[in-house]
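Structure first, then comments.
The values are calculated or read from the model by the stated rules, or taken from the named source; none is laboratory data. Everything numeric in this text was worked out from a predicted model, so none of it was measured. Virtual Cβ from ideal backbone geometry, glycine too; neighbours counted across all protein chains shown. These area figures cover heavy atoms from the full protein model, side chains too; ligands, DNA and RNA do not enter into them. Shrake-Rupley method; radii C 1.70, N 1.55, O 1.52, S 1.80 Å.
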Amino acid sequence: MATKPIDYFAVVTDEEDQGNVSQVFVDVYHPLGSPEPYGPCVMGGVQNLSYFKYEIPFGKLGHDEAQRALVTAAYEAGLITFNPDYDLAEVIFEMEKGTADLWRGTAVIDFEQPAGDYDVYAYAVDFNNNLSEPVWNQFLYVPICGIEVDF
């Protein structure tokens, strides 16, 4: 049995408090149409919603040159989803000022998880206990066939 660690990243700032963020986390949901026990589910009378997989807490990495390089590399690879008010130049500017930090969380996905698009919602909480609006992204867990034979 195999598992695959997946790293999740977010660049977060708190404009009101000069980047003073207390915690960052993501909520991950199984793909729509996943078989039981991964879905479907009924919530609030609505059927076929994504089924909650897990919540992943993040740790702060910082905002120095190494973290800015990671953000730039992720952007060039097409891996970043921006809040509508931001673009790469604004994110790097906020990191250089020290008012935005790169955060990371890691969790494993199991070989038997359903393949498909997993919804990921990123949240931040400031020291006044204000929860941010979520930033949505997805990752594709690719189905592959494999066989191991031992004669």
Taking placed amide H atoms and a strict 5 Å upper bound, the residues 5 or more places from Lys53 or on another chain that come that close are Val28, Tyr29, His30
Relative contact order, percent, the chain [alpha-carbon distance under 8 Å, six or more residues apart] | 35 percent
Total charge of the residues flanking Ala89 in space, meaning their Cβ is under 12 Å from its Cβ, with Lys and Arg +1 and Asp and Glu -1, is -3
What does the charge count near Thr3 come to, summing +1 for each Lys or Arg and -1 for each Asp or Glu among other residues with Cβ under 14 Å from its Cβ?
-> -1
If we count every other residue with Cβ under 9 angstrom of Gln138's Cβ, Lys/Arg +1 and Asp/Glu -1, where does the sum land?
-> -2
Accessible-area value, Tyr54, 1.4 Å probe, nucleic acids and ligands omitted, Å² | 40 Å²
In whole Å, largest first, the alpha carbons of the chain cover along the principal axes 58, 47, 22
Which aspartates and glutamates have a Cα lying under 18 Å from the Cα of Lys53, excluding residues fewer than 8 positions away in the same chain?
-> Asp7, Asp27, Glu36, Asp110, Glu112, Asp117, Asp119
Enter the accessible area of Thr3 (Å², nearest 10), with the probe set to 1.4 Å and all protein chains included.
-> 80 Å²
